[in-house]
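Engineer: Please find one structure pasted underneath; my questions will follow.
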Amino acid sequence: MKFDKVASLILLILLAASIVAVIYITVNPQSGEKFTEFYILGENGKAGNYPANLTLGETGNLTMGIVNREQNTTSYDLVVQLNGNQLYNNIFTLTKNETKEIPLSFTTTTIGQNQKMEFMLYKLPNNTNVYRSLTLYINVN
């Protein structure tokens, strides 16, 4: 009989501890990983079919995407350069889990192979160190 009372008491304590743990986890959820998604999409909004082979004077089109997974409202500065020449620069703010897709059209002005298009995302207020970057190489004939 004494063993039954001890076992019941232990089970009761474990049940109470489990209830307290569930309440704590529910009230204080652990925040997820903090990061920013940064991507480029080619034609038809797909990851591929990038404007990598163009003719001089031809216009290339793509979409730049940013998703804020930083767990709070965050400001960004997005800079795009082709061969060191700035094509795009925009400062914007995204709320938690907000997505922004930005269309970009550019016209080729120089013939050459492997021209470097750089996509640089800065997480403000730090506008000196690139937070995320992507590179696309373009051949222009």
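Engineer: Where the only charges are on Cβ atoms (+1 Lys, Arg; -1 Asp, Glu), what is the dipole of the range 35-140 about its Cα centre, to the nearest 20 debye?
Structural biologist: 180 debye
Engineer: Right, here's the next one. For a quick check, take a GNM of the chain with Cα springs below 10 Å and name the residue from PRO125, PRO51, PRO103 with the largest mean-square fluctuation.
Structural biologist: Comparing PRO125, PRO51, PRO103 in a Gaussian network model of the chain, the most mobile one is PRO125.
Engineer: Connecting C-alpha atoms closer than 10 Å in a GNM of the chain, tell me which of VAL80, VAL20, VAL67 has the biggest fluctuation.
Structural biologist: VAL20
Engineer: Here's another thing I want to ask about it. Leaving out same-chain residues fewer than 8 places away, which aspartates and glutamates sit with a Cα under 15 Å from that of LYS96?
Structural biologist: Within reach: GLU33, GLU37, GLU70.
Engineer: Provide the FRET efficiency to the nearest 0.05 for the ILE111-ILE91 pair, computing r from the beta carbons and using R0 = 35 Å.
Structural biologist: 0.60
Engineer: Right, something else. What is the dipole size for the range 32-87, taken about its Cα centre, with +1 at each Lys and Arg Cβ and -1 at each Asp and Glu Cβ, in debye to the nearest 20?
Structural biologist: 60 debye
Engineer: Could you work out how far apart the two model spin labels at ASN28 and VAL6 are, taking each label as a point 7 Å from the Cα in the direction of the beta carbon, and quote it in nm?
Structural biologist: 3.4 nm
Engineer: When the Kirkwood radius is taken over all Cα pairs of the chain, what Stokes-Einstein diffusion coefficient follows at 37 °C and 0.692 mPa s, in µm²/s?
Structural biologist: The estimated diffusion coefficient comes to 176 µm²/s.
Engineer: Over the chain, with a Gaussian network built from C-alpha contacts below 10 Å, which listed residue (LEU15, LEU54, LEU121) shows the highest mean-square fluctuation?
Structural biologist: Sorting by GNM fluctuation, first place goes to LEU15.
Engineer: Another question about this same structure. Roughly how far apart, in whole Å, are the Cα centres of the range 36-98 and the range 116-141?
Structural biologist: 9 Å
Engineer: Among THR36, VAL80, TYR24, whose Cα sits farthest toward the positive end of the charge dipole of the range 9-141 (+1 at Cβ of Lys/Arg, -1 at Cβ of Asp/Glu, about the Cα centre)?
Structural biologist: Comparing the listed Cα positions along the dipole, TYR24 ranks first.
Engineer: Full extension from LEU56 to ASN72: what is 0.36 nm times the residue separation minus their Cα-Cα distance, to one decimal in nm?
Structural biologist: So the chain would gain 1.5 nm between LEU56 and ASN72.
Engineer: Can I ask one more? For labels at VAL130 and LEU14 in the simple 7 Å Cα→Cβ model, what's the distance in nm?
Structural biologist: In this crude spin-label approximation the distance works out to 5.6 nm.
Every read-out reported here was derived from the displayed coordinates using simple, explicitly stated rules and does not represent laboratory data. All of these numbers come straight from a predicted model, not from anything done at the bench. Virtual Cβ from ideal backbone geometry, glycine too; neighbours counted across all protein chains shown.
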